[in-house]
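Read through the structure below, which is laid out as structure tokens, and then see the notes.
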Amino acid sequence: MGPQRTLVLPGPPPKSNSALIIGLVVGLAVLLLGGGGVGAFLYLRGSGSKPPVALPSADPFPTTSTPPPSDPPSATPSDPSTTEPTPTPSDTGSTSNRVDPGSPLTDSEFGDWNFKLGDVKLEADKVGGWSYNSCDPMDAKGVLAQNDCQRAIQLAYTAYGGHIKAVQLIMSFPTEQAAKKTVTRLASLDSDALKWRTDKTHSSYAYGKIRSGYVKKYVVVTVLTADKTAKSLATHYHSYLQSDHASYFLFRDLTITS
């Protein structure tokens with residue numbers, strides 16, 4: 001795990017959970033394996049800052065959608081480790097459905113999240129999935145277009161009976177350099193540079209952060225919120241969800257010959 005430094009933009013002291021402040025995280029272990037490692041780290045705070053931008057329910061571009069199942073019953077999370085883990089790919093292989101190398105990015109590549117690594121076992125239900133034939137629906141300030149973003153998907157998850165909710169934005173680019181430039185640029189902007197489905201996260205929360213990074217020619221952004229009951233679980237869970245799905249792209253486009 002590399003060193004971290006946080007860059008906090010000017011703004012009022014925390015009063016509510018309605019907006020985002022951007023910092024910089026360097027060195028997610030999983031990203032260092034295959035090209036990457038620089039990511040935006042966003043904090044939800046500050047009533048005087050700009051709110052996150054919600055993606056309209058009626059998308060202006062053609063999409064395919066995976067119908068969400070019903071929400072799981074309410075449950076109380078078990079007591080988690082309070083130490084943030086070192087993100088590492090799952091050893092279960094159940095996070096994603098492998099596709100042909102170079103095929104267009106779709107949300108169907110990812111199903112329910114079942115992560116297992118040693119004694120660590122984490123699960124989340126996929127409650128929504130959207131595939132876009134361009135990145136325009138998520139590009140609020142033109143950053144994705146400037147770097148020739150090709151396709152994008154969104155994934156929505158819930159865990160621990162809805163006490164944790166997450167939305168992932170995954171984007172494909174023509175080159176690794178374009179993906180890296182996108183992550184670097186987003187780290188210098190407010191969160192309203194991207195649009196996502198805020199209806200799939202908590203409207204009020206005790207934990208709210210965003211992690212992002214690139215692996216090869218893909219950018220992965222994970223927005224995660226948790227209520228008071230699951231606050232102590234959130235950092236632990238957030239790290240693994242981001243890094244496990246990012247690690248999928250280390251091998252997605254490799255051609256394996258016997």
Give the shape of the stretch 105-258 as rounded, prolate or oblate, defined through the alpha-carbon gyration tensor: a ≥ b ≥ c are the square roots of its eigenvalues, a/c under 1.5 means rounded, and otherwise the shape is prolate if a/b is larger than b/c and oblate if not.
oblate
Using the basic label-point model (7 angstrom from Cα toward the beta carbon), what is the residue 188 to residue 123 distance in nanometres?
4.5
Using θ = phi - 60° and Karplus 6.51 cos²θ - 1.76 cosθ + 1.60, couplings along the stretch 176-190 (whole Hz; Gly, Pro as x):
5, 4, 5, 5, 5, 4, 5, 5, 4, 5, 4, 5, 9, 10, 5
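Taking N as the number of residues in the stretch 141-229, what is its Cα Rg relative to 2.2 N^0.38 Å? Display every interim value, and only then the final one.
Numbers: Rg = 13.8 Å, N = 89, 2.2 N^0.38 = 12.1 Å.
Expressed relative to 2.2 N^0.38 Å, the Cα Rg reads 1.14.
So how much slack lies between residue 206 and residue 141, counting 0.36 nm per residue of separation and subtracting their Cα-Cα distance, in nm? Could you put the intermediate results ahead of the total?
Values: separation 65, 0.36 × 65 = 23.40 nm, distance 2.84 nm.
This chain segment gains 20.6 nm when fully extended.
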Tell me, in nm to one decimal, what length is gained between residue 148 and residue 112 on full extension, where the rule is 0.36 nm per residue of separation less the Cα-Cα distance?
10.0 nm
With 26 Å as the limit, write out which pairs from 116/180; 126/228; 126/231 have Cα-Cα distances beyond it, or answer none.
116/180
Length gain on complete extension for the stretch residue 254 to residue 100, per 0.36 nm per residue less the alpha carbon to alpha carbon distance?
54.6 nm
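Read-outs throughout are calculated quantities, based only on the coordinates presented, and are distinct from any laboratory measurement. These figures come from a predicted structure and were not determined experimentally. Virtual Cβ from ideal backbone geometry, glycine too; neighbours counted across all protein chains shown.
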